[in-house]
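Take a look at the structure below.
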Amino acid sequence: MKHPNLTGRWKWYELSKVIPITDIKANTSMPWVKDGLSGNKDITLALMHELDELLTSAVGDWSWLQLSTNVPVTDILSNHSKPWNRRGISMRDDMTVSMMDMLDKVMTNAIRTWAWELLSRYVSIQDILFNPDKPWDKETMSMNEGMTIEHKENLDEVLTNAKYDWSWPSLSRIIPMEEIRQRPDLPWNKLSMSFNNQTHDHKWDKHLMSSSKHVTMEMVMANPD
């Protein structure tokens, strides 16, 4: 589908992260980037090996940092001698404290230490509440998706928990305004609230569009550089 308003050039690193693996396998001669493929939400170790054989024009190397974030946890558990990266695992939205303990016991060649500033953003709010002795980071913990409207059942329990020194500027940016208005006595930051729920218009540039989850292979093929 030809798009008359697209300009610039495609960024294949970003496309490699968002185009479905099925489309990538159907277009093997494109300049896919292995570092980007490592960040594709559909990637597995089996697919990584398959793509190594299929992609004739792929460039770069596989990123174990990104693979650690994206492959299924079962891939990590069953391939414990691979060079998994704890910082990458720290960015997983399915990570739990108990899973961290289990991985530490089985990973034999993992690198880096756990990144608590990342874990604080991605581990569930309930897991954080159940483990107050861990070195959680208040800034990133305050940006945890458990604070969003999809998890609003947690808000009262979390925001009034005296064990945590919340970053109210961060919270004021992400807590839905409806929820803020219902809790006027909490120390919201007015400056940060001014950035809450804002929308921004972007130029329709291929370079920018390359990282959009809405871009499709059909759009790329219909709008060549």
Quiz item: What number of residues in segment 53-78 are crowded, with 19+ Cβ neighbours inside 10 Å and either touching a Cys at 6+ places or on another chain (Cβ under 7 Å) or within 20 Å of Thr28 (Cα to Cα) (or both)?
Solution: 3
Exercise. Determine whether Glu157 is modelled with pLDDT of 75 or more and either exposed (fewer than 15 other Cβ atoms within 10 Å of the Cβ) or in a helix (DSSP H, G or I) (or both).
Key: no
Quiz item: Across segment 63-91, which residue is farthest from Tyr13 (Cα to Cα) among those that are out of contact with any strand residue (DSSP E or B) (no Cβ under 7 Å at 6 or more places or on another chain) and hydrophobic (A, V, I, L, M, F, W, C)?
Solution: Leu77
Quiz item: When you go through (1) touching a Phe, Trp or Tyr at 6+ places or on another chain (Cβ under 9 Å); (2) within 28 Å of Thr108 (Cβ to Cβ); (3) part of a loop (DSSP other than H, G, I, E, B); (4) of a type outside the set (A, V, I, L, M, F, W, C) one by one for Asp52, which number turns out not to apply?
Solution: (3)
Quiz prompt | Residues being assigned to a loop (DSSP other than H, G, I, E, B), within 14 Å of Trp64 (Cβ to Cβ) and of a type in the set (Asp, Glu) - total across segment 25-45 | solution = 0
Self-check item: Yes/no for Asp94 being at pLDDT below 95, over 30 Å from Trp12 (Cβ atoms) and of a type in the set (Asp, Glu)
Solution: no
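The values are calculated or read from the model by the stated rules, or taken from the named source; none is laboratory data. In this text the structure is predicted, and so the values were computed from the model without any measurement. Quick reminder, even Gly has a Cβ in these numbers, built from the backbone with ideal geometry, and neighbours come from all protein chains shown.
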